[in-house]
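As structure tokens, the structure follows; a few thoughts come after it.
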Amino acid sequence: MTAYGSTAVTPHVLSTQAAMAALAGGGNAVDAAIAANAMQGVVAPETCGIGGDLFALVTGPELESPLALNSSGHAGSGAAELAHALRSSGTAAIPQRHPAAVTIPGCVDGWLELHRRLGRIELETILEPAARVAAGGFPASREMAVAFAGRFDELRTEPSAAPLYSAGRPPLEGERIVRQQLATTLKRIADEGREAFYGGTIGRGISEAVGGAISVADLEAVQAEWVDPLSVDIFGARGWTIPPNSQGYISLLGLAIVDRLGLTESDDPLGWHHAIEAYRLAAEDRDRILADPDSMEMAPEDLLAPRRIDGLVDRYSPDCLTSVGTHSPGSGGTAFMCVVDGDGLGVSLIQSNFYGIGSGISVQAGGFLLHDRGRGFTLTSGHPNELAPGRRPLHTLSPTIWTRDGNLSAVLGTRGGFMQPQLIIQLASLIIGRNVDPGRAMSTPRWMLPVEDEGLNCSSVEVEPGTPATVVDGLHRRGHRPIVRDVPQPGWGPMSVIRVDGDGRRVAAADPRVDTAAATAL
């Protein structure tokens with residue numbers, strides 16, 4: 001899709017419509033991104049919602065450089081006791097449906113801070129479409145139906161999940177879903193601000209839902225924080241991302257390695273080998289070093305230092321797999337949305353419940369489920385990412401924004417949990433590196449290291465149908481074990497992208513792998 005005006009791409013057509021409504025009503029890209037996010041949490045709670053976290057990057061003509069907002073929540077004051085109890089019981093990792101899996105939800109604080117600093121229209125106007133759809137009903141998507149069917153036995157007794165099982169069974173695709181309690185919560189946030197969510201009955205409900213591990217006092221601290229973004233020159237552009245506790249640096253580090261190795265034609269097996277090896281090298285030490293920046297042993301800016309890139313390039317071999325360390329696999333439930341308005345303001349916003357629907361623990365007073373971002377922590381004593389009060393966990397959310405000569409060039413991101421850097425390396429290589437049309441780039445077959453395999457040293461690499469036979473053979477000869485999937489993979493996305501050309505033209509594309517994804521323009 002090509003346009004010269006405002007453009008939005010989100011994982012759901014109703015979310016894209018909400019963004020465009022905000023723009024048509026006089027809002028800017030920030031207002032539109034918040035509107036899209038609010039709607040996404042209503043109609044696709046398997047991806048995100050107000051019980052989760054948020055990151056955003058913003059840039060435009062009136063900003064000297066991109067702004068970065070970290071609105072991921074901290075662990076509650078009861079985290080040390082939870083960690084001790086889990087270790088004492090012999091538990092190796094934090095369980096999904098456990099108070100330790102829940103950190104303070106940062107989404108609402110993120111909305112409020114984005115709106116305070118950069119918004120143009122009233123928050124009531126921004127959130128109205130989401131509240132109206134929640135109260136009036138919407139059709140369940142195929143993904144939503146599958147996700148809630150998969151956790152039916154666990155969630156059917158959760159009060160906030162009741163509207164999603166209104167017929168006493170999982171929702172069917174196309175079935176009308178009404179979330180009246182969530183509609184009321186959204187209206188209260190619009191009217192009363194932060195206190196409506198982090199205080200009062202909802203704040204007490206969050207605390208009670210996790211047995212007091214997050215106290216009412218913990219919720220008084222604002223979770224949103226403006227931070228210095230990380231950036232590096234790649235493919236003649238500059239890529240920007242969120243610093244730790246986000247894993248966003250892995251995407252840029254991998255792309256910087258690809259840039260040093262040199263781009264090839266998209267059907268050249270060597271280029272696929274470049275990208276796969278670049279990711280494996282970039283991700284090797286994530287589990288060892290990535291944590292809340294206050295706990296990390298490495299300064300965030302050193303993660304993309306030229307000497308670090310050079311050292312990883314030196315380890316690369318064009319003929320075989322590189323020996324690398326361990327890296328935990330995993331997937332996640334996330335929504336990435338991007339907006340560029342008519343004035344050239346661009347927003348890269350990502351918001352998540354983490355593992356699909358999240359912890360499955362609900363807040364009855366608010367009509368929403370809580371995320372399980374606390375599972376990004378480790379229980380290893382003394383580790384910089386150890387679960388502890390006041391810390392932010394390792395985070396998978398990895399939005400990017402791109403500039404050329406200081407001007408917005410592209411907004412690009414995806415869902416996919418720990419897989420996000422793999423996907424971003426592939427799409428950015430095409431769109432930023434090779435200047436491939438975004439629509440064509442979205443349809444290009446993708447690769448993925450299997451999430452079920454342990455570590456990065458496995459030789460398996462899954463590829464989508466349509467991958468040239470010469471690529472499959474070339475990967476095999478270099479030591480990879482390619483596995484060709486039968487159909488394009490919805491879980492390898494949806495990605496969203498808007499490219500801004502030098503003449504101001506916006507070229508946007510939604511991911512064809514997910515049928516609800518939509519791009520549109522004014």
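Near the amide H of Ala510, within less than 5 Å, lie the amide hydrogens of Ala519, all on another chain or at least 5 residues away, with H placed in the peptide plane.
Residue by residue through segment 263-272, which ³J(HN,Hα) values in whole Hz follow from phi under the Karplus form 6.51 cos²θ - 1.76 cosθ + 1.60 (θ = phi - 60°), with glycine and proline marked x? So the J values, rounded to whole Hz, are 6, 10, 5, 5, 9, 8, x, 5, x, 5. Centre-to-centre, using Cα atoms only, segment 363-402 and segment 1-17 are separated by 30 Å.
Using the Cα centre as the reference, give the magnitude of the dipole from point charges on the C-beta atoms of segment 62-144 (Lys, Arg: +1; Asp, Glu: -1; all else neutral), rounded to the nearest 20 debye.
Numbers: 7 positive and 9 negative charges, 74 e Å.
For this selection, approximately 360 debye.
Which value in Å is the Kirkwood Rh of the chain over different Cα pairs? 22.7 Å is the Kirkwood radius here. Share of pairwise Cα-Cα distances greater than 18 Å in segment 353-398 is 40 percent (whole percent).
For segment 1-155, what is the convex hull volume of the alpha-carbon atoms per residue, in Å³?
Numbers: hull volume 25.8 nm³, N = 155.
Convex hull volume per residue, Cα atoms: 167 Å³.
The listed peptides 4-13, 156-165, ordered by packing as a protection proxy, come out as 4-13, 156-165 (highest mean of other Cβ atoms within 10 Å first). Remark: segment 99-107, residue by residue, has Karplus-estimated 3J(HN,Hα) of x, 5, 6, 9, 9, 4, x, x, 4 Hz, where x stands for each Gly or Pro and the curve is 6.51 cos²θ - 1.76 cosθ + 1.60 at θ = phi - 60°. The alpha-carbon positions of segment 10-71 define a convex hull whose volume is 83 Å³ per residue.
With +1 on each Lys and Arg Cβ and -1 on each Asp and Glu Cβ, and nothing else charged, work out how big the dipole of the chain is about its Cα centre, in Debye to the nearest 20. Please list the in-between numbers first.
Numbers: 41 positive and 59 negative charges, 148 e Å.
Result for the chain is approximately 720 debye, rounded to the nearest 20.
Computed over the chain, the per-residue total of -39500 (n - 2.57) for DSSP H runs of n ≥ 4 gives a 222 nm mean residue ellipticity of -9500 deg cm²/dmol, rounded to 500.
In terms of accessible area, using a 1.4 Å probe and ignoring ligands and nucleic acids, Cys107, Cys458 rank largest first as Cys458, Cys107. Backbone phi angles across segment 195-202, fed through the Karplus curve with coefficients 6.51, -1.76 and 1.60 (θ = phi - 60°), yield HN-Hα couplings of 4, 5, 9, 8, x, x, 5, 6 Hz in residue order; Gly and Pro are listed as x. How far is the Cα center of segment 164-205 from the Cα center of segment 462-507, in Å? Here the answer is 37 Å between Cα centres. Here the peptides 109-115, 301-307, 367-373 are ranked by packing, the mean other Cβ count within 10 Å, and the order with the highest first is 367-373, 109-115, 301-307.
Highest mean first, what order results for 124-130, 240-246, 480-486 on Cβ atoms within 10 Å?
Numbers: 124-130: 22.7, 240-246: 26.6, 480-486: 14.9.
Put in order of decreasing packing, that is 240-246, 124-130, 480-486.
Of the residues Val133, Ala237, Ala509, the one whose Cα sits farthest toward the positive end of the charge dipole of the chain, with +1 on the Cβ of Lys and Arg and -1 on the Cβ of Asp and Glu, is Val133.
Taking amide H as placed 1.01 Å from N in the peptide plane, Ser77 has its amide H under 5 Å from the amide H of Ser215, each at least 5 places away in sequence or on another chain. Modelled spin-label separation between Arg142 and Arg440, with each label point placed 7 Å from Cα along the Cα-to-Cβ direction: 2.7 nm.
The values are calculated or read from the model by the stated rules, or taken from the named source; none is laboratory data. None of these values were measured; they are calculated from a predicted model. All Cβ positions, even for glycine, are placed from backbone atoms using ideal geometry, and neighbour counts span all protein chains on display. Surface areas here come from the heavy atoms of the whole protein model, side chains and all, with no ligands, DNA or RNA. Shrake-Rupley method; radii C 1.70, N 1.55, O 1.52, S 1.80 Å.
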